[in-house]
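Just so it is clear, none of the values below were taken in a lab; they were calculated from the coordinates. What you are looking at is a predicted structure, and each value in this text was computed from that prediction instead of being measured. So basically every Cβ, Gly included, is an ideal-geometry build from the backbone, and we count neighbours across all protein chains shown.
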Amino acid sequence: MFCPVRRGPMSIAIETEGLKKRFRGVNAVDGVDLSVPEGAIFGFLGPNGAGKTTTIRLLLGLLRPNRGRISIFGEDLHRNRLRALKSVGVAFETPAHYEHLTGRENLDITRRLLKLDKPEIDRVLSTVELSHVADRHVRKYSLGMRHRLGLARALLGSPKLLIFDEPTNGLDPVGIREMRDFIKTLPERTGATVFVSSHHLAEIEQMASHVAVIHLGKIVFQGAMGELRGLHAPRLEVGCNNAAEATALLGGGARKVESRHGRLIIELPSADGAQSRAASINRRLNEAGIDVHHLALAPWTLEELFLQLVGAKTQPGQE
Ligand SMILES: Nc1ncnc2c1ncn2[C@@H]1O[C@H](COP(=O)(O)OP(=O)(O)OP(=O)(O)O)[C@@H](O)[C@H]1O
Ligand SMILES: [Mg+2]
């Protein structure tokens, strides 16, 4: 039974229940339950083909689900599409603009559709730091500028919910950092809730307060960012001059030690005290006459994290 979302201090910006979308035999979105708290930067993380864009298109009413319900700020999308989407701004990964028009003219088209005042254009241009190129043709914009113009369009009318599909795709490292820093400040500056998809764990980690991980159309993790980080204790990566002896020395107890590309990967029991454990391992190796030239806490890679999450999900009783 789908319960309407209650408004109030714990308001939910997006809620989906049992959302399904099937394309010719492919379950692109397969029973997705999302709960996006108001004011969050909600990272929607998943590898290529996981179902991110399809979910976003469902949230925007651009696709009809085969099953499931969507509510946006408590409005049922199916029953009241216009009211539900009234306060939503969106930017897709490849921003589509009229090349022969200026940035300002592009925004003016949307401004008129939304029946907003003209100064709104200058406001959003200044927010995305494009005021200086407002009157330049979009065909002369860099990719980063095009992305920012897409965001500016999403910001027109000060929507309460911003949905960005892979907003850093194709940008160089500087552009990625600028975009990330910009998105991070949005809830504070505009009061909006941000739903942002990406296939980059590191990127989502650096900007999101909450995260859902989607894999083969199913949500395999959802929660506060800290909970995702806390799922697995960090590992220690050790480079030394005698890996075999070090493995024998350290691998005696319950601790799991494996060798990878000439380095030892040691699983720590918890994140608590990881630094002092690292120091004590270093000491033990030195005392045994083994030289340590590399010692670092190794973060889980996106791939490893996915494997862990998918594995955990298929254990009996976890479905
Ligand atoms: N219009 C469509 N017709 C048929 N299959 C589709 C369609 N759109 C998406 N799919 C399939 O649905 C699955 C999910 O695709 P989707 O585009 O939602 O993934 P994504 O997570 O956004 O991936 P990416 O990171 O590559 O953008 C994929 O298997 C894809 O091939
Ligand atoms: Mg996509």
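Considering only 208, 138, 309, the residue lying farthest towards the positive end of the dipole of the chain is 138, judged by Cα position with unit charges set on Cβ.
For residue 101, neighbours were defined as the other residues whose beta-carbon sits under 15 Å from its Cβ, and their charges (Lys and Arg +1, Asp and Glu -1) total +4.
Projected onto the charge dipole of the chain (+1 at Lys/Arg Cβ, -1 at Asp/Glu Cβ, origin at the Cα centre), which of 71, 187, 150 gives the Cα projection farthest towards the positive end? The residue sitting most towards the positive pole is 71. Quick one: if the Förster radius is 35 Å, what FRET efficiency do residue 279 and residue 129 give, using the C-beta to C-beta distance and rounding to 0.05? Efficiency computed from Cβ-Cβ geometry: 0.20. Rg and Dmax over the alpha-carbon atoms of region 12-226 stand at 16.8, 49 Å.
Legend: ranking of residues 142, 11 from fewest to most surrounding C-beta atoms inside 10 Å; resulting order 142, 11. Nearest 10 degrees is fine. How inclined is helix 103-113 to the longest principal axis of the chain, computing both from alpha carbons? Computed tilt is about 60 degrees.
Rounded to the nearest 10 degrees, the angle from helix 274-287 to the longest Cα principal axis of the chain is 30 degrees.
For residue 231 and residue 86, a Förster radius of 35 Å and the Cβ-Cβ distance give a FRET efficiency of 0.40, rounded to the nearest 0.05.
Kindly express, to the nearest 10 degrees and within the range 0 to 90, the angle between helix 302-313's C-alpha long axis and the longest C-alpha principal axis of the chain. Taking Cα atoms only, the helix is inclined about 90 degrees.
Below 14 angstrom from the Cβ of residue 189, what's the summed charge of the other residues (Lys, Arg +1; Asp, Glu -1)?
On the way: positive: 123, 160, 184; negative: 129, 181, 188.
Local net charge: 0.
Here the dipole of region 235-299 is about 100 debye; that uses its Cα centre as origin and unit charges on the Cβ of Lys and Arg (positive) and Asp and Glu (negative).
Suppose every K and R has +1 on its Cβ and every D and E has -1 on its Cβ; what is the size of the dipole of the chain about the Cα centre, in Debye to the nearest 20?
On the way: 43 positive and 35 negative charges, 249 e Å.
The calculated dipole for the chain is roughly 1200 debye.
Here the label points at residue 22 and residue 265, each 7 Å from Cα along the C-beta direction, are separated by 3.8 nm in the simple model.
So if we plug the beta-carbon distance of residue 216 and residue 304 into 1/(1 + (r/R0)^6) with R0 = 22 Å, what FRET efficiency do we get, rounded to 0.05?
With a Förster radius of 22 Å, E is 0.85.
A Stokes-Einstein calculation at 25 °C with viscosity 0.890 mPa s, built on the Kirkwood radius of region 235-299 over Cα pairs, returns a diffusion coefficient of 212 µm²/s.
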